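The values are calculated or read from the model by the stated rules, or taken from the named source; none is laboratory data. Note that the structure is predicted; figures quoted are calculated from it, not measured. Cβ sites come from the backbone with ideal geometry, for glycine too, and all protein chains shown count toward neighbours. Heads up: the accessible areas ignore ligands, DNA and RNA and are worked out on the full protein's heavy atoms, side chains in. Shrake-Rupley method; radii C 1.70, N 1.55, O 1.52, S 1.80 Å.
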Amino acid sequence: MTPLTVFDPVPLFSQGEFIIRENIPLTISLMADSAEAVESEAYLELETQSEDGFVKIALGNTVSVFDYLGEDNNEFPFRLGYTLMKLYYKGITYNTSVEIIPIYLEGNQVQSIHNYLEKRIRTICYDFIEQNRLVENIDVDSLKWYHEYARFHKTHEAEIVTLLSRVRTEHLVKLTKVIVSKPYSATINSKGIRMKIRKPFDIYGREQYFNKGTVLTVDEELGRRLKHMLLQWLSRIDYALKKIHHEVTSVQKECHAEEKKKNHFLIKKDDLSRRKYGVAKEYIYQINNMVWKSSQRLERLNKLNKNLKEWVNALDVVKHRILFLVLNTELNEIQSIPPKGNYRFNNRELKQIHRIFKQSEELTQQRGNSTRMTLIRKPTWQIYEYYVVATFLDLLKDTGYEFKVIAGLDANVFSNVIEQGIPQGTELILENNLHQIRLVFDESLPPTEKLACEVGTSCCTSSKHNCPDLRIELYQLGEPNICLSGMVIDVKHKKLSNICSEDVETENMRQLEDYYNIKCVYPVSKYRPNKRIVDKVICVYSGTNKDPYTLKLGDVSYIRLFPETHQDGEIVYVAGRDELLQEILEWLVPHIGAINEGLNNEPFAIKHPGEPA
C-alpha cells in the first residue's frame, strides 16, 4: 500500500496513485520538503462522500479524517472506488486520484455482493447525499444561499415586523356590532327598544334589556391560508439558522487557529528583530509576508463572523414575530390547510407579506446552484449486513417457508418498497404449513415488559446490548402469541481475532452472550419459566483467508460467510452458506421434525472451498 504522505505534484490526472483501505484510521498532513517551497496559501483538498464534500488541509497542518467530520460523526467519509485529490500551490492546481479498497473482502467479492442485492432490492446498496459542488472561499463576497436568505431578511426586517404586527388587529379579527341581551340597561338604540317591547322577559321570567355590544369574529378562511404560509416560512428560517450557526462555530474555530498562527509568526518576527547579524533578508521578508497574510485572513474571518451574527439576529427577530403570531393569537386554534393553487390575499398589506415570502422562497431554491444530490455506495459493513440478511431469507425459503407480511405490507412489493436500505425495526413474516417465523431487523429492545407492551414489540431485555442485527422468533401457526423459540444473528464485518478470543472475553463476546437474556412478553412454553426464548446465537462475519469457516466458543457459533467469485465477478459458490443452513436446521428440527420435503429430498452435505462438487 502506498502511504499518503508524499505527493510529488504533477499537473496530470493519474488513476489510483494512492490507496486507502476502507475504515482505516487516517491522518493526512501537507508539508513542504524545504523552506524555499513554503507557500502560505497552499492547501490540499480531498473529495469525500460526506455532506461537506471535501477535506481541506492547509500547508503545515495535520487532519484526522474522523475528527474533521465532528464529534457526532464517526463514519468513514470515503466509499469504495476512486476519489479526487487536488493540490493548490502557487496559483496552479495539481490533480491525482485515490483508490478506496475494501479492508477484508476483495473488490470482486464486494462487487458480487452488490450485484446479488441489487437484483433483489433496488438501490439498497446506495445512499443519496446533498454535497457542495465547489469549495467555497471564506471571503464574504462568496455568498451561500443561506447568506443571501439571511441578508434579505436583515434588509426587510423592519417592514416584515411592522406588517406581521398588524395582521391580527387589521385583518384576522374584526369587531362586529351586535345586540346583546343583558339583565341590566346599558347603551341602547332603537332596535334594542323594539326588541325590548316584543320580549320584555327572558325564558326564566326575568326582565331583560337589549343593549348595543361588540364581539370579536375571526376570519377562519384567511387564518388557514395565512397559518400555512407562516409555518412554511418558519421552517425555512429554522433551516437557514441551523446552517448559519454551524458556520459560525466553524469560523470561530478558524479565527482561533489563525490567531495562534499569527502570534507564532509575530514571535518569530520579534526574535529576528533582536538579532544583529546572521539573518538572511529573504527569511525576514518571508516572515513579514506571513504575518501580513495571516492578518488579512484574520480580518476577513472576523468580518464574516460579524456578518453571520448580524444575520442570525435578523432571522431570530422575524422568527419570534412569526412564532408569536402563530402561537399567541387566534391562529393557534385554526388548522393549517394548504390552499388549492396559489395563496390569494385581497388586502394590500397581506399581498406585500406574501410577496416578501415568495422572494425569500426563491432564494432557498438557489440551493441547487451550490449543491447536488449525489448517489454513493453505502459503507461495506452495512452492505455485508444486508447480504447476510438476504442469504438467511433465501435459506428459509429453501426450507419451505414463504413470505406473508413485510412490515404490514403485501409481500409481493418487497423489492420495490425498500429503496434506501432496510428501516430499523422492519418485521418480516414467513410461514409454512406448521409454523410462523418472524424476523425483526435491527430493533432496539426496551428494558421491561411494560415498556415493550407500550411500544408494541414482542421482546425486552435488561442488557445494554439490546439491538441484535436480526432477531428470529418461531410461533405455532394458529397460535401467534405463544412463542416456541428464538434465535439471534449478529453480523460483523471484521476478522475473527477482532471479535473473539479463546484466552480472554472480549466486548463482542459479552455482547453475543447477552442476547440469551432476551425475554418474550407473550406466553411461552412451560419449560421457560423465565421467559428467555433465545436458544441459539450466531455471529456471521466476513473475516480474512486465515480465519476458519466455523467456530464454536461457549454458546455462540461463529460462521464466516463470503462469496467466491470468478474474475468477472460471477459468484461460484458462497462459503459458509451450508454451515448457516445447518445451524438453522438444528434450531428448527426440534420444533418441526423432519423437513426433507421442504428441501426437495436432496441429500444434505457441507462443501468447503477446494473440495470437488
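Amide hydrogen proximity for MET31: with H placed 1.01 Å from N in the peptide plane, the residues at 5 or more positions away or on another chain lying under 5 Å are GLY60.
Taking 30 Å as the cut-off for C-alpha to C-alpha distance, list the pairs among LYS90/LYS269; LYS242/LYS492; LYS86/LYS546; LYS86/LYS243 that go past it. Provide the component values of the computation, followed by the final result.
On the way: LYS90/LYS269 24 Å; LYS242/LYS492 35 Å; LYS86/LYS546 38 Å; LYS86/LYS243 26 Å.
Exceeds cut-off: LYS242/LYS492; LYS86/LYS546.
Given the options ILE188, HIS246, THR169, identify the residue whose Cα lies farthest towards the positive end of the charge dipole of segment 167-251 (+1 on Cβ of Lys, Arg; -1 on Cβ of Asp, Glu). Value computed over the given set: ILE188. How many angstrom lie between the C-alpha centres of segment 158-230 and segment 450-508? Answer, in whole Å: 65.
Assuming charge only on the beta carbon of Lys and Arg (+1) and of Asp and Glu (-1), the dipole of segment 460-541 about its Cα centre is about 240 debye to the nearest 20.
In this structure, ALA35 and ASN95 have a Cβ-Cβ separation that, at R0 = 25 Å, corresponds to a calculated FRET efficiency of about 0.45.
As a length-normalised measure over Cα pairs under 8 Å and 6 or more apart, the relative contact order of segment 491-564 settles at 32 percent. Derived scalar couplings between HN and Hα for segment 572-586 equal 7, 7, 10, 5, x, 5, 5, 5, 5, 4, 4, 5, 4, 5, 4 Hz in order, rounded to whole Hz, by the Karplus curve 6.51 cos²θ - 1.76 cosθ + 1.60 (θ = phi - 60°), x for Gly and Pro. Placing unit charges on each Cβ (+1 for Lys and Arg, -1 for Asp and Glu) gives segment 431-582 a dipole about its Cα centre, and among ALA452, VAL534, VAL556 the Cα reaching farthest toward its positive end belongs to ALA452. The length gained by stretching the chain between LYS56 and THR162 to full extension, at 0.36 nm per residue less their Cα-Cα distance, is 33.8 nm. Per residue, the accessible area of segment 456-587 comes to 44 Å² when a 1.4 Å probe rolls over the protein heavy atoms. Remark: the LYS358-ILE284 segment gains 21.0 nm on full extension, using 0.36 nm per residue and subtracting the alpha carbon distance. Here the label points at ASN332 and LYS177, each 7 Å from Cα along the C-beta direction, are separated by 3.2 nm in the simple model. Computed in the context of the full set of protein chains, the accessible area of segment 465-551 at 1.4 Å probe radius has 47% of its extent on carbon or sulfur.
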